[in-house]
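*Asks:* Okay, handing you the structure first.
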Amino acid sequence: MGRWVLPLQVRNHNRLSVFHFAAFCTHTQNPSYSESDLEKATAIVLENKDNSLFAGLEQSGIRWSPPLVEKVLKNIWNDGTQALQFFNWVGKQKRFKHSPDAYNYMIDILARMKDYRTLWHLMSNMQREGCPVTPKTFAIIIERYIAAGREDKATRVFFSMPEYGCPPDLPAFNAFLDSLCKAKKVLRADRIFRDLKYRFRPDSITYNTLANGWCMVKNIPMAQRVLKEMVDKGFQPTPVTYNTLLHGFFITGQVKEAWLFYKEIKRRGFSPNVVTYTTILYGIGMAGKVEKAKKIFDNMIENDCLPNVATYNAMIQVLCRKKSVTDAFEVFDEMLRRGYVPNLTTYNILIRGLCHSKQMDRALEFKNQMEKNGCHPDVRTFNIIIGYFCDLGQIERALSILKDMRAGPCLPNLDTYNILLSVLCATRKSDGLVEAGKLLQEMVGKGFIPRRFVYNRVINGLFLTGSQEFAKELLRAQSQSGRLPKHIRM
C-alpha cells in the first residue's frame, strides 16, 4: 500500500504553501469573538441553505468581526458553496468590511473550486472597497492555477500584478518559481528564471528553490549545476543549500553519494544542523539501515544538536515503515518523557502505522487520545483511516467516519470523496453505486469538481445496475451546471 510520505518538516523549502493557507493569516492574540459565537456561526452555515441560512444568520445575535469571519471561513473551507454565501451575506452587513485575510481565504476557496469568474469579481471588489491586494493574494491565485495545470494563465497573472497596485518583487518572483517547482514544472521554472533573472536579481533563495525543484524531479546533476551557478555569482551556500542537495541524493536512492557529500561538506567546515541530521537519519533509515539511523539519532546530542519534533517524526516513520509500529511507539513514549510535544504530523504517522498493521480499533482509540491531548485531527487524519477501512473492505465503517466528518469541524475534502467513490464503484453493486451517486451530488454541492473518469464510472455503473432514473438525474444536473465535467462518455 503506497500511503507513506516523508514527514513534511523534513523537507527543505523556502516557501509557505498556500494550500495550508492558515499560515498566511495574521490573527490577533485576543480574538474579538467568543468560542461560543464561533461554534454557533459555523453550525448555522453548515446546517442551513439559502434563505434559511440567511435567516439563521440574521437571528443569531452574533456580533460580526473580521477575525470571527476569518475563523468561520477557515472552519468551512471545504464547503465552498456555503462559504461563498456566508462571505457575501456578511459583506452586506452595515458597518462591516471584510479584512484582506478574509478575502484571501475566499479567493483560495474559489480557486480551489475553479470558479475563476467569481474569483476575479472578488478581486475587483477588493479594489473598489480599498482593500489592499497583496503579494499573498497573488501567491494564492498563481499556485492554484499551476496546481490546475494552467501555467500560462499563472504567468499572465504574475505579470498582471501592477494592474492591482502590487508590482512583483523578488520575493513574489521566488514564490512563483517555487509554485512551479512544487508542481514539478521545473523546466518551466528554469526557463522563466533565465528570462527574468536580470529583472529580478536572484538571491540565495532563488537558487535554493530551483535546486530543490530539480531534486524533486530527481535530476541531481541539474541541481548541482544551479548551485554551481549560485556560487559563481558570489553567493555562499547556506545550510538550506546543503540540506537540499543531501535530501536530493537520498530521494534518488544515492545513499552512498549522500554520505560522501555529507562528509565532504563537513570537511569544508559546514556544521550540520537539526535538519541535516533529520534528513540523514530519515534517508538512511528508509534505505533499510534502521540501526544506523538510530545511531545517528542517539549521537545528535553528543554532537551538540538537540533533536526536534521533526526529528522524532522522521525516526518514528522509519520505524513504522522498516521495523514495527511497536518500536515506533517506544520512540514516541521517549519523546513524551523528554518533554517534547507531539504535533499533528506525529499523530498522523502513528495512526497510519497502526492502520498499516491492521490495528484499526487501536488507531481510532489513538485518534481520540490525540484530541484529549489538545491536538485536533485534520482531514489527512480522517482520510488515512477512511482509506485503510476501504482497503480492508470495511466500507460501512469508512462511511461512518465520513458521517463524523460532516458534523465538523473537519469537513471532507476532494481526496475524501475520491477515496470513497473509488471503492464504491469497485463493488459494482447497485447499492454501492447509488451511494457513490449520492456522494457525487454532495461533493458537487460543496463546490468540488469530480474527475471526469470518476463521474463517467458512477454514471455508467448506475445505468448498468438498474438505477437509470438516478443516473439521468445526475446527467440533468450536469447539463444545468458548469461545475461538472463537460464530456461524458457512455
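*Asks:* Under the condition of being of a type in the set (Gly, Ala, Ser) and open to solvent by less than 40 Å² (accessible area, probe 1.4 Å), which residue from region 151-169 is nearest to Cys181 (Cα to Cα)?
*Replies:* So the residue we want is Ala154.
*Asks:* Right, here's the next one. Taking the criterion of being in a helix (DSSP H, G or I), without any contact (Cβ under 8 Å) to a residue 12 or more places away in the chain and closer than 23 Å to Thr416 by Cβ, would at least one residue in region 61-83 satisfy it?
*Replies:* no
*Asks:* In addition: Being under 30 Å from Arg156 (Cα atoms), open to solvent by 10 Å² or more (accessible area, probe 1.4 Å) and out of contact with any His (no Cβ under 9 Å at 6 or more places or on another chain) is true for just one of Lys49, Lys40, Lys94, Lys74. Which residue is that?
*Replies:* Being under 30 Å from Arg156 (Cα atoms), open to solvent by 10 Å² or more (accessible area, probe 1.4 Å) and out of contact with any His (no Cβ under 9 Å at 6 or more places or on another chain) holds for just one of Lys49, Lys40, Lys94, Lys74, which is Lys74.
*Asks:* Report yes if some residue within region 347-361 is aliphatic (A, V, I, L, M) and within 17 Å of Lys294 (Cβ to Cβ); otherwise report no.
*Replies:* Yes.
*Asks:* Can you find even one residue in region 247-254 that is of a type outside the set (Val, Ile, Thr) and open to solvent by 60 Å² or more (accessible area, probe 1.4 Å)?
*Replies:* There is no residue in region 247-254 that is of a type outside the set (Val, Ile, Thr) and open to solvent by 60 Å² or more (accessible area, probe 1.4 Å).
*Asks:* Which one of these does Gly213 not meet: (1) of a type outside the set (A, V, I, L, M); (2) farther than 20 Å from Lys182 by Cβ; (3) modelled with pLDDT of 95 or more?
*Replies:* Only one criterion in (1) of a type outside the set (A, V, I, L, M); (2) farther than 20 Å from Lys182 by Cβ; (3) modelled with pLDDT of 95 or more is unmet by Gly213, namely (2).
*Asks:* Quick check: is even one residue across region 473-488 surrounded by fewer than 17 Cβ atoms within 10 Å (Cβ to Cβ) and at pLDDT 90 or above?
*Replies:* Looking for residues that are surrounded by fewer than 17 Cβ atoms within 10 Å (Cβ to Cβ) and at pLDDT 90 or above, one finds none in region 473-488, hence no.
*Asks:* Taking the condition of being touching a Ser or Thr at 6+ places or on another chain (Cβ under 8 Å) and open to solvent by 10 Å² or more (accessible area, probe 1.4 Å), how many residues in region 430-469 meet it?
*Replies:* Residues meeting the conditions: 9.
*Asks:* In addition: Across region 377-429, what is the number of residues that are surrounded by 19 or more Cβ atoms within 10 Å (Cβ to Cβ), of a type in the set (S, T, N, Q) and in a loop (DSSP other than H, G, I, E, B)?
*Replies:* Number satisfying all stated conditions: 1.
*Asks:* Within 25 Å of the chain's Cα centre (by Cα) and surrounded by fewer than 16 Cβ atoms within 10 Å (Cβ to Cβ): which single residue out of Lys185, Lys263, Lys218 fits that description?
*Replies:* Lys218
*Asks:* So which residues in region 52-71 are among the aliphatic types (A, V, I, L, M) and surrounded by 14 or more Cβ atoms within 10 Å (Cβ to Cβ), if there are any at all?
*Replies:* Leu53, Leu57, Ile62, Leu68, Val69, listed by residue number.
*Asks:* Right, another one. Taking the residues in region 221-246 that are among the hydrophobic types (A, V, I, L, M, F, W, C) and open to solvent by less than 40 Å² (accessible area, probe 1.4 Å) as candidates, determine which candidate is farthest from Tyr198 (Cα to Cα).
*Replies:* Among them, the one singled out is Leu246.
*Asks:* From (1) under 23 Å from the mean Cα position of the chain (by Cα); (2) in a helix (DSSP H, G or I); (3) surrounded by fewer than 16 Cβ atoms within 10 Å (Cβ to Cβ), pick out the condition that doesn't hold for Asp333.
*Replies:* Checking Asp333 against (1) under 23 Å from the mean Cα position of the chain (by Cα); (2) in a helix (DSSP H, G or I); (3) surrounded by fewer than 16 Cβ atoms within 10 Å (Cβ to Cβ), the one that fails is (1).
*Asks:* Take the residues of region 342-367 that are in contact with a helix residue (DSSP H, G or I) (Cβ under 7 Å, 6 or more places away or on another chain) and in a loop (DSSP other than H, G, I, E, B): which is least open to solvent (accessible area, probe 1.4 Å)?
*Replies:* Pro342
Every residue, every condition in (1) of a type in the set (A, V, I, L, M, F, W, C); (2) at pLDDT 95 or above, yes or no:
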position	(1), (2)
Ile316	yes, yes
Lys323	no, no
Asn343	no, yes
Leu354	yes, yes
Ser357	no, yes
Val379	yes, yes
Leu399	yes, yes
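The values are calculated or read from the model by the stated rules, or taken from the named source; none is laboratory data. In this text, all values refer to a predicted model and were calculated from it rather than measured experimentally. Cβ atoms come from the backbone with ideal geometry, glycine included; neighbour counts cover every protein chain shown. The protein model used for the area step is the full one, side chains on, heavy atoms only, and it has no ligands, DNA or RNA in it. Shrake-Rupley method; radii C 1.70, N 1.55, O 1.52, S 1.80 Å.
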